[in-house]
Amino acid sequence: MHRPESSLCQRARGGKLSTVKVNKQLIWDYKFSEKDYSTEAFRDWYLGRVLVRGSVQDIRDAGGVESVRAHFLHLHLPLEVERLWSWYLDIPGYRSELYDRPQFFTRRFP
């Protein structure tokens, strides 16, 4: 399957050069310029979009699991997705208070 991708976006983060391929099928509902791809805000937003709607290849293209781990605390994710990834990445105690509440596991509808 052919996926339209932007040119590579490069930016320094923590002294390391990051390269991200942006899958335009994941951002079809927004208009971004190539210049926007190099911002920290776009990087965090795009990683969140990849974790919710992307594939394994999209995660690899976005810098892999280590990139997700490095940016995880800045991502805005649905609670279920956030819980899954915090478990997968083994982030100790991350929002654990939300999951220890008894009402979290009870039925939501009468």
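The values are calculated or read from the model by the stated rules, or taken from the named source; none is laboratory data. Computed from a predicted structure; not experimentally measured. Here the Cβ is made from the backbone with ideal geometry for all residues, glycine too, and neighbour counts use every protein chain on show.
Points worth noting:
- Yes/no for Tyr94 being surrounded by 13 or more Cβ atoms within 10 Å (Cβ to Cβ), in a loop (DSSP other than H, G, I, E, B), aromatic (Phe, Trp, Tyr) and modelled with pLDDT under 75: yes
- Filtered by the rule that a residue be part of a strand (DSSP E or B) and modelled with pLDDT under 85, segment 1-48 gives Glu5, Cys9, Gln10, Arg11, Ala12, Arg13, Lys16, Leu17, Ser18, Thr19, Val20.
- Looking only at segment 25-47, and only at residues there that are farther than 23 Å from Leu73 by Cα and of a type outside the set (Phe, Trp, Tyr), the one that is surrounded by the most Cβ atoms within 10 Å (Cβ to Cβ): Gln25
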